[in-house]
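What follows is a single structure, written as structure tokens, with notes after it.
Bear in mind that the values in this text are calculations on the coordinates, not laboratory data. The shown structure was predicted, so the numbers you read here are calculated from the model rather than taken from an experiment. All Cβ positions, even for glycine, are placed from backbone atoms using ideal geometry, and neighbour counts span all protein chains on display.
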Amino acid sequence: MINLHIGDAVEVAIDWLTQNLAPLFSGIKAVLLWVINGFAWIFTVIPWYVMVLLLGIAAWRLSSRGVAIFTVVGLVLIEMMGLWTATMQTLALIFTATLIALLIGVPLGIWMSRNDTLNRIIRPVLDFMQTMPAFVYLIPAVYFFDLGEVPGAVATIIFAMPPAVRLTNLGIRQVPEDVVEASKSFGSTSRQLLYKVQIPLAMPTIMAGLNQTIMLSLSMVVISAMIGAKGLGITVLKGITQLKVGEGFEGGLAVVILAMILDRITQGLGENNKLKKRD
């Protein structure tokens, strides 16, 4: 029986990348750290009560009055538990990971929708990315970027990007063929067809991808804390490792509140796009 150790080849590849592409990884680390710290600075420099008001108004406008009330009450509870700064650090990490996942995932999904060969190649890669245990992503991320927020953000981006790619691809492919043909018959160019017909009609599905990307990003909070990422994950991890049940529960509760707020707001965005599509 031949013993095949794929892990040995992976280690060799990672060592080679670490030694030969160190300047590239340093540049990526600097950019990601700048973006994360920028979001964290914005979220923390704004007084907490102003942030609560802004998010409450956003929830009201984009979702419903009930969601707005829950948003205000939930965020005030987080402040009263003394977890406001940690929550904003978590929000900065989520925003960074989601932004980059969308910048990569949406164009890739559009490309896949227009190229069947690429679609067949990328789909197994997306399956691999979604089924690989999230902890595995931490190993090469730490190798390339050391400890801290950056490897946590990189692992989160890889883990959370597949829904953005899949649902963008699906949404554009589901645009009715008769609508596409009608647009072409009126002289639409390929670019006009994409930006004025296919993407607007696919927007509800794309927004569902945004929702799933945000939720998966939030699910990586505690895992990212294991490699030094700041935020609510540190509080939860401390509760687990030091058996501080109360502190761990408060951190977990804050994660749940943040997840529900982001979920309802992004769902509201998707519903609004569906209504526009019907109109």
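Can you give me the C-alpha center-to-center distance between the range 67-122 and the range 145-185, rounded to a whole angstrom?
12 Å
Just from its helices, what would the mean residue ellipticity at 222 nm be for the chain, if runs of 4 or more DSSP H residues each count -39500 (n - 2.57) and the sum is divided by every residue, rounded to the nearest 500 deg cm²/dmol?
That calculation yields -28500 deg cm²/dmol at 222 nm.
At q = 0.12 Å⁻¹, work out log10 I(q)/I(0) for the chain with the Debye formula, treating every Cα as an identical point scatterer and leaving solvent out; two decimals please.
Treating every Cα as an identical point scatterer, log10 I(q)/I(0) equals -0.86.
Over the range 23-278, how many pairs of lysines fall under 27 Å by alpha carbon, counting only those 8 or more apart in sequence or from different chains?
So the count works out to 11.
Name the helices (complete DSSP H segments) of the chain with a Cα length along the long axis of 27 Å or more and a Kyte-Doolittle mean of at least -1.0, or state none.
Long hydrophobic helices here: 22-45, 84-114, 149-173, 199-219, 245-278.
Taking only Cα atoms and a 10 Å spring cutoff, compute GNM fluctuations for the chain and point out the largest among THR98, THR213, THR18.
The residue with the greatest mean-square fluctuation here is THR18.
What's the extension gain from LEU243 to SER190 if we count 0.36 nm per residue and subtract their Cα-Cα distance?
Gain in length upon complete extension: 13.2 nm.
In the chain, if the dipole is taken from +1 on Lys/Arg beta carbons and -1 on Asp/Glu beta carbons about the Cα centre, which of MET80, GLN198, GLN212 is farthest to the positive end?
GLN198
Counting only residues 5 or more places away or on other chains, whose amide H sits under 5 Å from the amide H of ASP146 once H atoms are built in the peptide plane?
Close amide H contacts, sequence-distant or interchain: none at all.
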